[in-house]
Amino acid sequence: MLGKIKISVIGGGHVGESTTFILAIKELADEVVMVDIVENLPQGKALDMMQAGPILGYDTKIIGTNDMADIKDSDIVIMTAGFPRKPGMSREDLIGQNTPIMKDVAAKIKKYAPESIVIVVSNPLDAMTYMCKKITGFPDNRIIGQAGVLDSTRFMAFLGMESGVSIKNIQGITLGSHGDDMVPLPRFSLIGGRPTGEVVEKGKLDGIIERTKKGGGEIVKLMGTSAYWAPAAGTVMMAESIVRDKKMILPCHVILHGEYGIEGLFVGVPVKLGRSGVEEIVEFDLTEEEKAALKKSADHVKEVCEIVDKLK
Ligand code: NAD
């Protein structure tokens, strides 16, 4: 990844356009290509974002297109195409609609950007990441799902709201699948350097953990569709660690081969992200209870992947 950096964003809806905008503001790429199937829409949105450049001071070239061939030779491809949840829906309810989209897009990523690192955002996240790996056949280090960064930032935001401490002083992490059985880890989370349990009393902490697990649904209920600013910010943070070789340790959905006792499934775990994508899977020393929660979460991912496998 030397020379000019090209990042493509598939899908120019809520998540795709906010991701593109944050990528541009941070000047993470020389060129950002945003692809959508709706005629003229990505072109219009790209032009609008280009026109914000002189005010906001970025010179990233933003291209909107309906042609997947325009992602040619991208360094990173971010997959956001697909239907979001409506109130009352689970992420798994999107399987039937989003699996064919994932299959189609993944085949084109393989064709046009065979050396890219792919960040998958479309839901149901763990199963769509698995499908992307299956279709592209890309190596494990180049297929990464985004959701752990989002779930963790939700956890941190709630800890900040409850404790009255700046989020700049808060660290928090959730592991597991991107669903209601995700595993927030208060034991590995800090408020101003102190374990969360010392700052927030147990009843309130339990409430925050529950709210984090259902954080996506809370927003769907309020807005009638999925969140996009925090998901986009999380996705860009991952892209930044890759493009700038920052080696951030972030919770990402990667395929495991025995780590945490899990085999052949994409599950959210802490990973080191650098120029070559996933550079290390970090194994936390979990308690039996935490391990059991992660295993339960992984079992659920397995069930969803089996359903996806059976779809035509
Ligand atoms: P949206 O409806 O606003 O946008 C989706 C876009 O995808 C639409 O513009 C649509 O035209 C486009 N699209 C459909 N098929 C396409 C194809 N083959 N090629 C290119 N574009 C195509 O939805 P959204 O709010 O942006 O959400 C997108 C996806 O991201 C959903 O599946 C949602 O559930 C998921 N999501 C994931 C997370 C996460 O943390 N992983 C968070 C929020 C949303």
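The table that follows gives values for the structure above.
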{"read-out": "Residue check, residue 174 at pLDDT 95 or above, within 16 Å of the ligand (Cβ to nearest atom) and either under 11 Å from the mean Cα position of the chain (by Cα) or surrounded by fewer than 22 Cβ atoms within 10 Å (Cβ to Cβ) (or both)", "value": "no"}
{"read-out": "Any chance residue 135 is β-branched (Val, Ile, Thr) and buried (at least 24 other Cβ atoms within 10 Å of the Cβ)", "value": "no"}
{"read-out": "Odd one out for residue 76 among (1) in contact with a helix residue (DSSP H, G or I) (Cβ under 7 Å, 6 or more places away or on another chain); (2) farther than 13 Å from residue 33 by Cβ", "value": "(2)"}
{"read-out": "Index of the failed condition, residue 180 passing every other in (1) under 30 Å from residue 137 (Cβ atoms); (2) modelled with pLDDT under 95", "value": "(1)"}
{"read-out": "Identity of the residue in region 184-233, within 23 Å of the chain's Cα centre (by Cα) and polar (S, T, N, Q), that ends up farthest from the ligand (Cβ to nearest atom)", "value": "189"}
{"read-out": "Options 256, 294, 265, 250; residue that is farther than 27 Å from residue 10 by Cα and in the same structural domain as residue 181 (by TED's automatic domain parsing)", "value": "294"}
{"read-out": "All positions within region 198-251 that are buried (at least 19 other Cβ atoms within 10 Å of the Cβ), assigned to a loop (DSSP other than H, G, I, E, B) and touching a Ser or Thr at 6+ places or on another chain (Cβ under 8 Å)", "value": "200, 228"}
{"read-out": "Unique match (being within 16 Å of the ligand (Cβ to nearest atom), acidic (Asp, Glu), crowded, with 17+ Cβ neighbours inside 10 Å and closer than 19 Å to residue 85 by Cβ) among 181, 151", "value": "151"}
{"read-out": "Residues of region 244-277 that turn out to be in contact (Cβ under 8 Å) with a residue 24 or more places away in the chain and acidic (Asp, Glu), as a count", "value": "2"}
{"read-out": "Residues (loosely packed, with under 12 Cβ neighbours inside 10 Å and assigned to a loop (DSSP other than H, G, I, E, B)) located in region 284-310", "value": "285, 287"}
{"read-out": "Helices (runs of 4 or more DSSP H) (entirely within region 1-119) containing at least 3 residues that are over 18 Å from the mean Cα position of the chain (by Cα), within 11 Å of the ligand (Cβ to nearest atom) and touching a residue at least 12 places away in the same chain (Cβ under 8 Å)", "value": "41-56, 95-112"}
{"read-out": "Flag for residue 149 being part of a loop (DSSP other than H, G, I, E, B), in contact with a Leu (Cβ under 9 Å, 6 or more places away or on another chain) and modelled with pLDDT of 95 or more", "value": "no"}
{"read-out": "Positions within region 120-146 being of a type in the set (Val, Ile, Thr) and outside any loop (DSSP other than H, G, I, E, B), in sequence order", "value": "120, 129, 135, 136, 143, 144"}
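The values are calculated or read from the model by the stated rules, or taken from the named source; none is laboratory data. Just so we're clear, the structure is a prediction, and the values are computed from it rather than from any experiment. Please note: Cβ atoms are built from the backbone with ideal geometry, for glycine as well, and neighbour counts cover all protein chains shown.
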